[in-house]
1. Could you say which residue among 84, 92 is under 23 Å from residue 34 (Cβ atoms), touching a Leu at 6+ places or on another chain (Cβ under 9 Å) and loosely packed, with under 12 Cβ neighbours inside 10 Å?
2. Kindly evaluate residue 83 against the criterion of being under 17 Å from the mean Cα position of the chain (by Cα), under 18 Å from residue 40 (Cβ atoms) and of a type outside the set (D, E, K, R).
3. Residue pairs, Cβ under 8 Å, 6 or more apart or interchain, first in segment 102-127 and free of Cβ contacts under 8 Å to residues at least 40 places away in the same chain and of a type in the set (A, V, I, L, M, F, W, C), second crowded, with 17+ Cβ neighbours inside 10 Å and assigned to a loop (DSSP other than H, G, I, E, B). List them.
4. Restricting to segment 55-77, count the residues that are surrounded by fewer than 13 Cβ atoms within 10 Å (Cβ to Cβ) and either basic (Lys, Arg) or in a helix (DSSP H, G or I) (or both).
5. Could you pull out the residue among 109, 89, 134 that is farther than 17 Å from residue 46 by Cα and either modelled with pLDDT under 90 or in a strand (DSSP E or B) (or both)?
6. Residue 67 passes all but one of (1) within 12 Å of residue 127 (Cα to Cα); (2) within 15 Å of the chain's Cα centre (by Cα); (3) not aliphatic (A, V, I, L, M); which number fails?
Amino acid sequence: MKQLFFVLLIINLWSCNNSSPKEPNSDNHTTSYNYAADFDKIKSAILSDNKETYRTFLMNKEKPELFDMTSMFVFTKEFKALLKPLKYKDLKVTEYAGKSRKHIELYEKGEDEEGNIYESAVSIFFDETPEGLKIGDYFAAG
C-alpha cells in the first residue's frame, strides 16, 4: 500500500511540474485595444440596421432596457446622419454617472404640425473596456 501511495505521489508531482503555464490573471496585464475599429463596427451596424451586431456591443447584454431605449434613437435617420461622418477621434469626452466617457449627442429642435415647438436630446455613452469599446449608457430628454 505504501508503494502504491509513493508511486501515485511521484506521478502527481511529475505531472504538476510538466504542466503548461497558466494564463496570467487579467488584472495583472494590460490589453491594448483598437477602440476605433470597434467604433467603426458599431457605426456600420447602426447604418445598416443590424440590431443583432449592435447588441453585441452593449456593456450589459442582460439589461434589455439598454438595448430597447438606445435602439429607439440610434436607428433613426437623424442619428444616422449625425453618426455617418464621425470617426472615433471625433467623439466628445464627458463625465457621466461617475465615469469619464466618450459620447455622441443628438439635439433636435423643431415644430410639429400644430405649431408646437419641441426639443429633444439623446446621448449614447461609450466605455473603453479590456474587451473593447462598449455602449455603456444613454441619456434622453425631451
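The values are calculated or read from the model by the stated rules, or taken from the named source; none is laboratory data. Fair warning: this is a prediction, and the values are worked out from it, not measured in the lab. Note that each Cβ is placed from the backbone with ideal geometry, even for glycine, and that neighbours are counted across all protein chains shown.
1. Just a single option satisfies the conditions, and that option is 84.
2. Yes; evaluated as a whole, the condition is true for this residue.
3. Cβ pairs passing all conditions: 104/91.
4. Going through segment 55-77 one residue at a time, the tally reaches 6.
5. The conditions single out 109.
6. (1)
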